[in-house]
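Taking it in order: structure first as structure tokens, then the write-up.
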Amino acid sequence: MSRATERRQSWLDVFADYPAPANLAPEAMRRNIGIVDEYLQHLWNLGENIFLAWTSRGGRTLLLALPYYLLAEYVSGARPIKGEPRPEEYIGGLISGSKHLAADELQGVADKLGVAPQSVRLPFRPDDGVGRDLMSALVQRYGLAYTRNRPVLLVDIVGFSLFPAMEQVVLLQSLSHSINSAYSKLAARDLRINFARSTTGDGFYIWNRADTLEGSAHLYTLMLLMLADNAIALGKARSRTVPSLRTAFHVGPHYEFYQSEGLSPTRVSYLVGEVTITLARLLERAMPGQVLLGDFEANVMAETSRETLRLGTVEFVEQMRAAVWKLGGIRLAGEAVREVRCYLTGPQALDGSYGINRYRVCDKHGIKHALFNAKINIHQEAGESIFLGIRNQAFEDLEFDVTLPQGAL
């Protein structure tokens, strides 16, 4: 597939996937988006207020907004929430829920929080002028999102601070190119993917806004392709232009909020929360080239069956092992891939089967974190195979607390 036909989006098309209301011309919809955005930006007031929800009542649109600092006061208990003994859970549920509420629901939330909804009169009903889902997406851009079970990838350049500034720029560009190359290969297979990334200075957090099993599989696949592209480039490099990487993958809760540029929020977002803290702690002990997974249990919904699965790290990787088989035929460095195998490492038993070691590392605060070591083997139709991650024997000095069964590999 040529570059001209690959899927890409400009910032003007970030809402293009949302269906337009019936009989609404694209020009009218774009104009209506601008009108809604003007109202929201005015009430947002340079970031002073955060939007939680919206609804329609009569000919008016109600917006539930409150000053950002009130969130901390609610969660800490400094400002009570009527009838809610667990304020953090209530606020988390409110932020993670639908941005559109029925009128009586929104008023009930406002009463609990002790705030008054903002009332605006748009020249159209949101359902008719932009569509309910798109209206919620616009409100979300001026608010917060909270996710309890979303996979996040952290990739880090080894020894980044030791490089001169110009080489740091080149290394970050090389890493960014590997990420973009992996994204391009997935997009060329007509997958619906909505990846986001946020820089850490010496690397990136990457996540998929599709909060499903398929979305998790796409992110895991992106990780494999990104690391493979980096490994190929590293093998060809004659100078320090390609980074050595450390990578961690974990599932956990986090908040997502949008970055502001000038006087408006953009589609560039940041993550903060438990999952980012755990990822950073895992990489503190990671070796160059190592791929680590946190110890997690997550509720993940499958798009096809609409079934919610409870998956731990071992079960999650088993699901991913099946998913990456679909990479057969994809091309890396001009060579077609025959198969991809990904697994968690552990000792070999006498019968030839392998176990899985769960390790524990202690961070600088004295807190222990459980983790698993991952390996990825990419076999091509011709040419050399690509081996990612490090062998189990390379770090046997780490403490491990249990060996789990995995079956013959």
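The values are calculated or read from the model by the stated rules, or taken from the named source; none is laboratory data. Since this is a predicted model, take the numbers as computed values, not measurements. For neighbour counting, all protein chains shown are included, and Cβ atoms are generated from backbone atoms with ideal geometry for every residue, glycine included.
Some notes on this structure:
- Single match in Ala286, Ala333, Ala322 (criterion: without any contact (Cβ under 8 Å) to a residue 12 or more places away in the chain, more than 25 Å from Ile95 (Cβ to Cβ) and not acidic (Asp, Glu)): Ala322
- Being of a type outside the set (Phe, Trp, Tyr), part of a loop (DSSP other than H, G, I, E, B), modelled with pLDDT under 55 and under 28 Å from the mean Cα position of the chain (by Cα) is a condition met by at least one residue of region 9-29.
- Qualifying positions in region 32-56 - more than 14 Å from Gly131 (Cα to Cα), of a type outside the set (D, E, K, R) and touching a Pro at 6+ places or on another chain (Cβ under 7 Å): Asn49
- Exactly one residue among Leu186, Leu153 is crowded, with 19+ Cβ neighbours inside 10 Å and touching a strand residue (DSSP E or B) at 6+ places or on another chain (Cβ under 6 Å), and that residue is Leu153.
- Being under 15 Å from the mean Cα position of the chain (by Cα) and surrounded by fewer than 22 Cβ atoms within 10 Å (Cβ to Cβ) is a property that holds for Thr212.
- A count restricted to region 299-336 and to residues that are at pLDDT 85 or above, assigned to a strand (DSSP E or B) and surrounded by 19 or more Cβ atoms within 10 Å (Cβ to Cβ) stands at 1.
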